[in-house]
Amino acid sequence: MNLINVLVDFAIFSGLMITGQIIRSKISLLQNWKIPATLIGGFLAIVFGANGFDLLPLSDMITQYPEILVVFIFACLPFNKTSFKSKHIGRDVGEMYAHVTFGIFAQYGWGMMMALLFLAPLWNLNPSFGFVLGIGFWGGPGTTAAAAAGFSALQGEEILSLGLTAWMIGVLCSVVVGTFMINYFSNKTAAKIESQSESSEVKISPSGFIPEKYRKPLGMETLSSQTMDSLTLHFSIALIIVIIGLAGNRYLKVLWPDISIPAFGIALIFGFILVFLLERFKFDKKLDYRTFSRINGTATDYLIVVGMACIQLPTIIKYAFPFFILMIFGVLLSVFQAVILGPAMFKKYWLEKSLLVFGMNTGTLAQGIMLVRMNDPEMKSNSLSIYGIVDLLIKPITIGIIVIGPILISSGYVFHFGIACTILAFIPLIIMLRAGFWNKKASLRENLNQIKK
């Protein structure tokens, strides 16, 4: 990795974000729809990057940046003090786990059954066609490539093309539909962050700049600059956690080649351990947790632009019409999960948590993070901290589907695989009902009536 290329790449990404901010400050529609400057910069990266006019001299290394930026985000999350004060962390994880597992099994199972019973007979499709919804929407490029390798050569090439196309459509729908949900439900429901009232007096101009009298410090200095700059101390701690996460991921890949434990999950766990030790030895008071939040925010901003710059335009495929129907079904399923099941399954911050899962259901973790930040810029809902734990718990499910799914489908057990995933999608809902975790105040009829208004 050439350091000059890295610096040039991030200088370009920085310029795109600044350009996005200038455009946002001039167009009132973007302000009213709460479109962040980073998202505008991301679209500029698509238009003027390799997939568009090819005017940006970006290096081939940009595909490596998202993983590192995601690890940076999760490395800073344990230093969010509110994540340790929650009395309901067990329930929060349980709710998120049930919500996420429903989405995984529903996309794979219901997608398979729809393709098998309706689409395949009409267009004479391969039985594996419905598998595309899960690997494209929930899985993403990496999962698509892994799943395609499990099929025969010709079938695998089609699965790869369809999966990548599905992912591209999912990302676009995540941005458009997710932004609409934020603007609609944050005004129509009581889904706003409860602590927003604390900052309700802060007047922000339409351009996004905060007037001078309302500004507050980015963080507090905890170390004299005579020894080391305070930001250097905090960034160094975050960087060490990132390196441990990346190194741990690569070591475990060598140790267990068939098992993939994400680097951000390892970084999150180590971060929690480090914070526990710091508090145990009374060293935590020497750190400023708001500074870690700013590092987290910076990494998130760059992740949005970099992630969109990495999008590859799909090739022309021969399954246009049935594929389009399958994609509409997937989007409607994800919207149903977010706006109907979300309020019923999450006791607190249902919109923020549903947005995160909606982003994962229709694109990538980066899209989910972007949607959460649009409605919860201070990350007070702890959605990412909770999801970081849940992601480790769902790994056996996602890995199992990618490993076993292609084997069963290639062996002719298409219906069996689809019906099994369909049934498994209802199990977390039943468990929540039996455990008394279901939010009875958020009935299906009430939510539908609210959408109609």
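Counting only helices (runs of 4 or more DSSP H) that sit wholly inside the range 382-453, those with at least 3 residues that are buried (at least 19 other Cβ atoms within 10 Å of the Cβ) and at pLDDT below 85 are 383-410. For the range 342-367, how many residues meet the condition of being in a helix (DSSP H, G or I) and buried (at least 24 other Cβ atoms within 10 Å of the Cβ)? Residues flagged as in a helix (DSSP H, G or I) and buried (at least 24 other Cβ atoms within 10 Å of the Cβ) within the range 342-367 amount to 18.
For the range 52-72, indicate whether the set of residues that are small (Gly, Ala, Ser), part of a helix (DSSP H, G or I) and closer than 17 Å to residue 310 by Cα is non-empty. There is no residue in the range 52-72 that is small (Gly, Ala, Ser), part of a helix (DSSP H, G or I) and closer than 17 Å to residue 310 by Cα.
Within the range 282-296, is even one residue farther than 24 Å from residue 14 by Cβ and among the aliphatic types (A, V, I, L, M)? Let's see the steps before the verdict.
Going through the range 282-296, the residues farther than 24 Å from residue 14 by Cβ turn out to be 282-289.
Subsequent filtering for residues that are among the aliphatic types (A, V, I, L, M) retains 287.
Scanning the range 282-296, I find at least one residue that is farther than 24 Å from residue 14 by Cβ and among the aliphatic types (A, V, I, L, M), so the answer is yes.
For the range 33-51, a residue qualifies if it is assigned to a helix (DSSP H, G or I) and in contact (Cβ under 8 Å) with a residue 40 or more places away in the chain, and the qualifying residues are 37, 38, 39, 41, 42, 43, 45, 46.
Can you tell me which residue is surrounded by the fewest Cβ atoms within 10 Å (Cβ to Cβ) among those in the range 13-38 that are aliphatic (A, V, I, L, M) and under 16 Å from residue 298 (Cβ atoms)? Give the derivation first.
Our first condition is that a residue be aliphatic (A, V, I, L, M); within the range 13-38, this holds for 16-18, 22-23, 27, 29-30, 35, 37.
From the residues that got through so far, the ones that are under 16 Å from residue 298 (Cβ atoms) too are 16-18, 37.
Numbers: 16: 25, 17: 23, 18: 12, 37: 23.
Selected residue: 18.
Of all residues in the range 5-18, those that are on the phi < 0 side of the Ramachandran plot have Cβ atoms under 6 Å from Cβ atoms of residues that are of a type in the set (A, V, I, L, M) and outside any helix (DSSP H, G or I), 6 or more apart or on another chain, in 9/58; 12/56.
For the range 1-32, enumerate the residues that are within 16 Å of residue 68 (Cβ to Cβ) and of a type in the set (Val, Ile, Thr).
Just the residues of the range 1-32 that are within 16 Å of residue 68 (Cβ to Cβ), to begin with: 1-3, 5-7, 9-10, 13.
The answer is 6, and nothing else.
Please verify whether the range 133-141 includes one or more residues that are at pLDDT 75 or above, within 30 Å of residue 274 (Cβ to Cβ) and under 21 Å from the mean Cα position of the chain (by Cα). No; the residues of the range 133-141 include none that is at pLDDT 75 or above, within 30 Å of residue 274 (Cβ to Cβ) and under 21 Å from the mean Cα position of the chain (by Cα).
Inspection of the range 234-246 finds a residue satisfying the criterion of being touching a Pro at 6+ places or on another chain (Cβ under 9 Å) and over 30 Å from residue 163 (Cα atoms). Going by the conditions given, is residue 155 modelled with pLDDT of 90 or more, assigned to a helix (DSSP H, G or I) and closer than 20 Å to residue 403 by Cβ? No. The C-beta contact set for the range 125-142 (first residue surrounded by fewer than 24 Cβ atoms within 10 Å (Cβ to Cβ) and in a helix (DSSP H, G or I), second residue among the β-branched types (Val, Ile, Thr) and at pLDDT below 90, distance under 7 angstrom, 6+ apart or interchain) comprises 127/409.
Residue 372: within 22 Å of residue 291 (Cβ to Cβ) and at pLDDT 85 or above, yes or no? Before the answer, list the steps.
Values: within 22 Å of residue 291 (Cβ to Cβ): yes; at pLDDT 85 or above: yes.
Yes; evaluated as a whole, the condition is true for this residue.
Of the residues contained in the range 101-113, none is found to be outside any helix (DSSP H, G or I), touching a residue at least 40 places away in the same chain (Cβ under 8 Å), more than 22 Å from residue 347 (Cα to Cα) and not hydroxyl-bearing (Ser, Thr, Tyr).
Does residue 283 fit the bill of being more than 16 Å from residue 77 (Cα to Cα), under 13 Å from the mean Cα position of the chain (by Cα) and modelled with pLDDT of 80 or more? Here the answer is no, as residue 283 does not meet what is asked. For the range 26-51: of the residues being within 20 Å of residue 176 (Cα to Cα) and of a type in the set (Gly, Ala, Ser), which is farthest from the chain's Cα centre (by Cα)? Among them, the one singled out is 28. Considering the range 216-231, and only residues there that are among the aliphatic types (A, V, I, L, M) and touching a residue at least 12 places away in the same chain (Cβ under 8 Å), the residue that is farthest from residue 378 (Cα to Cα) turns out to be 223.
The values are calculated or read from the model by the stated rules, or taken from the named source; none is laboratory data. What you see is a predicted model, and the numbers here were worked out from it, not measured in a lab. No Cβ is skipped: glycine too gets one built from the backbone with ideal geometry, and neighbour counts run over all protein chains shown.
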